[in-house]
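Student: So that we are looking at the same thing, I have put the structure below in structure tokens.
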Amino acid sequence: MTTEGAVQLSIADGVAAVLFDRPQARNAMTWAMYQQLRAICEKLAADRSVRVVTFRGAGGEAFVAGTDIAQFAAFQTGDDGVAYERQIDYSISLVESLPMPTVAVLEGWTIGGGLAIATACDFRIATSASRFGVPIAKTLGNCLSIANLARLVAVWGMPRVKRMLLLAELIHADEALACGAVLQVCAPEARGPAETRGGLGLCGRAPVPHAVTMAGWRRLAVQGLPEGEDLIRRCYGSADFHEGVAAFVAKQSPHWTGC
């Protein structure tokens, strides 16, 4: 991947729009983009003029296609994985803890870290071409934190999360709508109007009940979770993880050994 990309923020009429802008890489997140996302969330959390936040990806091909895998080539031990997952958890928690409602507008691929970001939002609007998943069982050979597992299960349900993670299946938009994980599926040309309607509709609701209710949901979903860093350390410290990264960067199929 040749560019760092950017996460951009614009605010108008009480609606904040966050754009993941790296379309040449399907908006795969770089370390710089995660840092920008955290700074934007901190800014929005302190801005009482903002009544709703929308998140979307540039280019129309993807919301966010995970984290840029080439960055994992520098990882040496399982501790690098623990540090990475801590940063991801922190980034996702900032999205999740925004005091105003959030809407993820999803076109095309919503994968890995992108699915975590979208799942942390309160509502999701998809198009018929949207695909959702965490295909690490056939690509990278890494794992998710306990907190992100809990978030996914809370929205998508355990059976679908098992299919995403263990079978590397992608969930289509119609199934996501049927299970309630997305609020609406619309044609690509109708995404803009649907996004506008959703944002303006939420702007007209009472902000304090929104904030209190969302805080309660967060406590139910991710507080009091068991420790899981030993699992992360084992996975990111494995030979299979390094094989997965090298194979992905080389555009080859990985050879798993279970070590």
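Student: Being of a type in the set (Lys, Arg) and over 14 Å from the mean Cα position of the chain (by Cα) narrows it down to one residue among Arg48, Arg26; which is it?
Tutor: Arg48
Student: What residue, among those in region 117-129 that are hydrophobic (A, V, I, L, M, F, W, C) and in contact with an Asp or Glu (Cβ under 9 Å, 6 or more places away or on another chain), is farthest from Leu19 (Cα to Cα)?
Tutor: Ala129
Student: Still on this structure, please answer the following. Test Ala65 against the criterion of being buried (at least 23 other Cβ atoms within 10 Å of the Cβ), within 23 Å of Phe241 (Cβ to Cβ) and aliphatic (A, V, I, L, M), and give yes or no.
Tutor: So Ala65 passes the test.
Student: Scan region 9-24 for residues that are at pLDDT 95 or above and either buried (at least 21 other Cβ atoms within 10 Å of the Cβ) or in contact with a helix residue (DSSP H, G or I) (Cβ under 8 Å, 6 or more places away or on another chain) (or both) and jot them down.
Tutor: Listed by number, the residues that qualify are Leu9, Ala16, Val18, Phe20, Arg22.
Here is a yes/no grid of residues against (1) among the aliphatic types (A, V, I, L, M); (2) over 24 Å from Arg38 (Cα atoms); (3) part of a helix (DSSP H, G or I):
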{"residue": "Gly114", "(1), (2), (3)": "no, no, yes"}
{"residue": "Ile117", "(1), (2), (3)": "yes, no, yes"}
{"residue": "Ile125", "(1), (2), (3)": "yes, no, no"}
{"residue": "Ala129", "(1), (2), (3)": "yes, yes, no"}
{"residue": "Phe132", "(1), (2), (3)": "no, no, no"}
{"residue": "Asn142", "(1), (2), (3)": "no, no, no"}
{"residue": "Ala150", "(1), (2), (3)": "yes, no, yes"}
{"residue": "Val155", "(1), (2), (3)": "yes, no, yes"}
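Student: Looking at Arg56, is it under 30 Å from Thr213 (Cβ atoms) and among the basic types (Lys, Arg)?
Tutor: yes
Student: Just to verify a result, which residue in region 206-259, among those that are surrounded by 12 or more Cβ atoms within 10 Å (Cβ to Cβ) and in a loop (DSSP other than H, G, I, E, B), is farthest from the chain's Cα centre (by Cα)?
Tutor: Trp256
Student: Let me ask something else. Give Arg48, Arg56 a once-over and let me know the one that is out of contact with any Gly (no Cβ under 9 Å at 6 or more places or on another chain) and part of a loop (DSSP other than H, G, I, E, B).
Tutor: Only one candidate qualifies: Arg48.
The values are calculated or read from the model by the stated rules, or taken from the named source; none is laboratory data. Model, not experiment: these values are computed from the prediction. Heads up, the Cβs are rebuilt from the backbone with ideal geometry, glycines too, and the neighbour counts pull from every protein chain shown.
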